[in-house]
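The values are calculated or read from the model by the stated rules, or taken from the named source; none is laboratory data. All figures in this text were calculated on a predicted structure; none of them were measured in a lab. With ideal geometry, Cβ positions are generated from the backbone for all residues, glycine too; neighbour counts draw on all protein chains shown. We work out accessible area using only protein heavy atoms, side chains counted, and drop any ligands, DNA or RNA first. Shrake-Rupley method; radii C 1.70, N 1.55, O 1.52, S 1.80 Å.
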Amino acid sequence: MPAPTYHVIGNYLSPYVRKVLVCLRLKGLDYSIDPIAPFVGNAEFERLSPLRRIPVLIHGDRVINDSTVICQYLEDLHPAPSLYPQDPGDRAQARWLEEYADTRLGEVIVWGMFFQRGLKRILFKEDTDQARYEHARDVALPACLDWLEPQVPAQGYLFGDQLSIADISVASFFRNAAFVRVQVDAARWPRTAAWLDRVLALPAFVALARIEDTIARVPLHEQRPLLASLGEPLSETTVGGASPRRGVMRLD
Ligand SMILES: N[C@@H](CCC(=O)N[C@@H](CS)C(=O)NCC(=O)O)C(=O)O
């Protein structure tokens, strides 16, 4: 069988990687994957990803960094089904919601909660900053949800009947909140909770959730055999395996 055209570097538990995998699946594109965490990337990883971040997409001779850039690249090459609204104003707004998710939900959910309660302890053997975690959970995340709630429709998706990159991006981050057992309170944010259920019930998210739930509490170096046993399209080589070290962009 010919090798898939697209190769993804990045772990299934990253919301940024999830965005890309959902786009690939929705567009019916095959891929291979090297499911590394960025912190264990080797010198070759740093050559491919100078910010030491995942995801990276390799397509032939091209190396594409950043989930937003990758999703737009896939859309440009494979316009159907489109994951961007047709109307330019809606398209701009969808990109802004994607940016809001990547930046703000990334800060609050990934760094304030998921990293604090998971990788910081497991990979770096450091204590959770409990005050930071609780502020993210009790103050920052509710503020995000207060902002999102009036924009979320009672039915359908953020831009009508058509799923878009905005739904995919925002929902991807709430999966990481679930990993640290934080759920959206349906009594307080009913539209957001119901919309999230709708998006996460899509087959692409459900298929990935099965994989994510299998590896969520498994040490990084034990994930490959498990993923292989699930039939995931792992690459034969990896750019991971180096000793854990912090990225270049953060002080966390
Ligand atoms: N803007 C980037 C952000 C990617 C990102 O921050 N990925 C995380 C994984 S969840 C990462 O690699 N973090 C390592 C670091 O920032 O040092 C994108 O959209 O791809």
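Values for this structure:
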{"item": "Every residue from the stretch 161-170 that is open to solvent by 10 Å² or more (accessible area, probe 1.4 Å) and touching a residue at least 24 places away in the same chain (Cβ under 8 Å)", "result": "GLN162, LEU163"}
{"item": "Within the stretch 1-105, helices (runs of 4 or more DSSP H) holding 3 or more residues that are more than 18 Å from LEU234 (Cα to Cα), of a type in the set (Ser, Thr, Tyr) and within 15 Å of the ligand (Cβ to nearest atom)", "result": "67-77"}
{"item": "In the stretch 41-69, the residues that are within 18 Å of the chain's Cα centre (by Cα) and within 21 Å of GLU107 (Cα to Cα)", "result": "SER49, LEU51, ARG52, ARG53, ILE54, PRO55, VAL56, ASN65, ASP66, SER67, THR68, VAL69"}
{"item": "In the stretch 111-146, residue farthest from VAL182 (Cα to Cα) [restricted to those that are open to solvent by 40 Å² or more (accessible area, probe 1.4 Å) and touching a Ser or Thr at 6+ places or on another chain (Cβ under 8 Å)]", "result": "ARG121"}
{"item": "Close pairs from the stretch 1-20: first of a type in the set (D, E, K, R), partner open to solvent by 20 Å² or more (accessible area, probe 1.4 Å), Cβ under 7 Å, at least 6 apart", "result": "ARG18/ARG175"}
{"item": "Unique residue being within 16 Å of the ligand (Cβ to nearest atom), assigned to a loop (DSSP other than H, G, I, E, B) and over 14 Å from ARG18 (Cβ atoms) when the list is ARG181, ARG250", "result": "ARG250"}
{"item": "Residue in the stretch 119-132 that is within 16 Å of the chain's Cα centre (by Cα), over 18 Å from CYS23 (Cα atoms) and not basic (Lys, Arg) present", "result": "yes"}
{"item": "Hey, LEU200 open to solvent by less than 20 Å² (accessible area, probe 1.4 Å) and not basic (Lys, Arg) or not", "result": "no"}
{"item": "Check on ALA171, at pLDDT 95 or above and under 17 Å from the mean Cα position of the chain (by Cα)", "result": "yes"}
{"item": "Residue list for the stretch 203-252, restricted to those being surrounded by fewer than 17 Cβ atoms within 10 Å (Cβ to Cβ) and polar (S, T, N, Q)", "result": "THR214, SER229, THR237, SER243"}
{"item": "Condition check for GLU149: open to solvent by 60 Å² or more (accessible area, probe 1.4 Å), touching a residue at least 24 places away in the same chain (Cβ under 8 Å), among the acidic types (Asp, Glu) and in contact with a helix residue (DSSP H, G or I) (Cβ under 8 Å, 6 or more places away or on another chain)", "result": "no"}
{"item": "Candidates GLU149, GLU222 - the one that is more than 16 Å from the ligand (Cβ to nearest atom) and not assigned by TED's automatic domain parsing to the domain that holds TRP96", "result": "GLU222"}
